[in-house]
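Bear in mind these aren't lab numbers, they're just calculated from the coordinates by the rules spelled out. What you see is a predicted model, and the numbers here were worked out from it, not measured in a lab. Ideal geometry is used to build each Cβ from the backbone, glycine not excepted, and the neighbour counts take in all protein chains shown.
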Amino acid sequence: MRLEVIDELAKLEGLADEWTRLATSGSRGSLFRSPEWLLPWWHAYRGVFQAELFVLAGRSDDGELVCLAPLYRRVARVGAGFKAREIRLLGDAGPRPPCLDILVAGGHEEEAGIAIAEHLRGCGTEWDVIDLEPLQEPSRARAFAVNRLASAGYHVESSETGGARRIALDVPGVGPEQLEDEGVATEYTSDESLVRKGLSVLRRLSRLEWAEREENSPLADAQATQLLEEVGTRMAPSGCARVARIETRDGAAIAAALVIDDGPRSVVVAMGIEPEERHRDAARRLLTAEAKAAAAR
């Protein structure tokens with residue numbers, strides 16, 4: 001396998017069609033591993049991280065793209081006066097869907113993992129830490145790469161992937177008869193101005209919810225705003241993205257979510273809930289309504 005480092009945005013954008021084909025070649029959802037999500041993420045976050053692309057693209061002997069490791073490099077402060085040169089996964093900040101991965105065509109996992117490890121060893125003086133924290137498991141290519149690096153003497157630390165929950169269509173404690181009584185959330189899809197308005201409501205509710213915990217909302221910064229608006233407004237007209245909200249009888253929003261359809265699944269990318277005690281049920285009502293709507297789609 002021939003590996004190429006892609007460190008220019010134009011070259012990465014030029015791979016979009018091949019990248020998409022590789023992302024959709026498996027049985028799992030592909031949207032969040034494709035350029036449709038990761039290029040807007042890069043547009044939003046590269047500046048604040050002062051990051052550089054470090055994408056590894058692997059081709060077979062006949063020139064087919066069979067591996068793509070969507071990585072980037074940045075320098076991060078890890079203590080007073082100390083900086084670390086990090087290699088990380090595109091998409092690992094802000095809203096983090098649970099499906100980041102090294103993309104590999106079937107049958108090339110071991111070859112790709114070894115090639116990636118050997119490349120990282122070869123440029124080992126240029127980095128201090130590789131952080132693949134949000135990478136989806138199981139990832140066979142990652143396993144081969146990590147085993148190769150560990151056997152070469154690199155320190156490897158494993159930890160549970162965090163920051164994401166998978167919610168099935170069967171909402172715990174809610175039967176079919178209750179689904180009929182929950183009502184339907186208001187959804188914005190085709191009108192770009194309403195989608196933007198819905199995202200603004202989502203951010204406001206998220207700030208209120210996190211303020212009660214005395215923490216900053218993950219949706220409050222400019223980068224998350226840019227990412228969600230770029231993806232939401234682009235995908236909403238086709239029906240693949242929607243902003244859903246639950247309202248009180250007087251029209252006040254008490255729960256909102258950005259929901260994106262990715263192949264055979266529907267993903268809640270971001271959600272905000274009015275924190276007052278009387279609205280504690282709003283999260284269940286919103287997820288129930290969206291589960292019912294997703295099942296219908």
> What nm value, rounded to one decimal, do you get for the distance between ALA143 and GLU4 when each label is placed 7 Å out toward the C-beta?
Replying inline: 3.1 nm
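Using Cα pairs under 8 angstrom and six or more residues apart, how large is the relative contact order of the chain, in percent?
Relative contact order of the chain: 16 percent.
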> How high is the relative contact order of region 45-91, in percent, counting Cα pairs under 8 Å that sit 6 or more residues apart?
Replying inline: 30 percent
>> What is the angle, in °, between the Cα long axis of helix 140-151 and the longest principal axis of the Cα atoms in the chain? Nearest 10 is fine, range 0 to 90.
In response: 50 degrees
> More than 24 Å apart: what percent of Cα pairs in the chain qualify?
Replying inline: 56 percent
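Mind ordering 194-200, 247-253, 231-237, 262-268 by average Cβ neighbours within 10 Å, highest first?
Values: 194-200: 18.4, 247-253: 10.4, 231-237: 20.0, 262-268: 16.7.
Ranked by mean Cβ neighbours within 10 Å, highest first: 231-237, 194-200, 262-268, 247-253.
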> Say each of THR225 and THR20 gets a label point 7 Å from the Cα, pointing the same way as Cα to Cβ; how far apart are those two points in nm?
Replying inline: 3.0 nm
>> Treating only the Cβ of Lys, Arg, Asp and Glu as charged (+1, +1, -1, -1), what charge dipole size does the chain show about its Cα centre? Round to the nearest 20 debye.
In response: 340 debye
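How much FRET efficiency would the formula 1/(1 + (r/R0)^6) give for GLU126 and ALA211, where r is the Cβ-Cβ distance and R0 is 30 Å, rounded to 0.05?
Numbers: r = 41 Å, r/R0 = 1.36.
The formula returns an efficiency of 0.15 here.
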> Taking a quarter of the surface of the convex hull around the Cα atoms of region 52-115, what do you get in nm²?
Replying inline: 5.9 nm²
